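J.: Quick one: this structure, given as structure tokens, is what I'll be asking you about.
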């Protein structure tokens, strides 16, 4: 599974992977993406696919052990496990503009990209919470993590999760504005795609079949945090602290 995206055209089509298998699907997807991306873009996309799989394996292993991770550990596997980074890695293929490794791998751009994924992930946690509670009461969701490790009631955990999301969003806006001020055309397109991913997720999610029953009107509003103390409490998590040191 891990090697298939890196070698999409190895062997005859379909050989070595049963029809409908995850491996076969991975190979088909990699072949399709390789038709649009440069070798460098494909390498980044493949690396994020691998990171996504590792994140999911970590989360599933914790669930199988009936173990609720603390906030730092949850953020550590949620960042890759949401697959948001996989989508971010495909942005250049969509826009048709390539960003050199020396630019996209700088700490500030890496942080902006990671923050995009975390904001989307927490938004999804907030949106999917009713569904997950009905289907599996011990789901690893930022709300359940906060309730378990901070001994918080549901309403307080939702407020804390929203504060964490807003804190990251504020830092995203600060860093992306600083990057935009010196960005060329390709980087401007990349930053605009990241901003569009955050807003697009909120537009699409309440219309998605899995969430639609929770949002009958087909729209959702996530309230902005007004609790400044909650914003400060969301800063010390070691998994994301480096974003504030750039």
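Read-outs: derived from the displayed coordinates by stated rules, not from any lab. Computed from a predicted model, the values in this text were never measured in an experiment. Note that we place each Cβ from the backbone using ideal geometry, even for glycine, and neighbour counts take in every protein chain shown.
J.: When a/c reaches 1.5 or more, the comparison of a/b and b/c decides; with that in mind, is the range 135-190 rounded, prolate or oblate per its Cα gyration tensor?
T.: Prolate.
J.: With labels modelled as points extended 7 Å from the Cα through the Cβ direction, what inter-label distance (nm, one decimal) is found for residue 155 paired with residue 244?
T.: Distance between label points: 2.7 nm.
J.: Just rank 245, 213, fewest to most, by other beta-carbon atoms within 10 angstrom.
T.: So the residues, fewest neighbours to most, are 245, 213.
J.: Something else: How compact and how long is the range 36-244, expressed as Rg and Dmax of its alpha-carbon atoms in Å?
T.: 17.2, 49
J.: If contacts are Cα pairs under 8 angstrom and at least 6 residues apart, what is the relative contact order of the range 36-244 in percent? Show your work: numbers first, answer last.
T.: On the way: 218 pairs, mean separation 49.9, N = 209.
Worked out over the range 36-244, it gives 24 percent.
J.: May I pose another question? Which order do peptides 35-41, 112-118, 190-196, 51-57 fall in by mean Cβ count within 10 Å, highest first?
T.: My ranking of the peptides, most packed first, is 112-118, 190-196, 51-57, 35-41.
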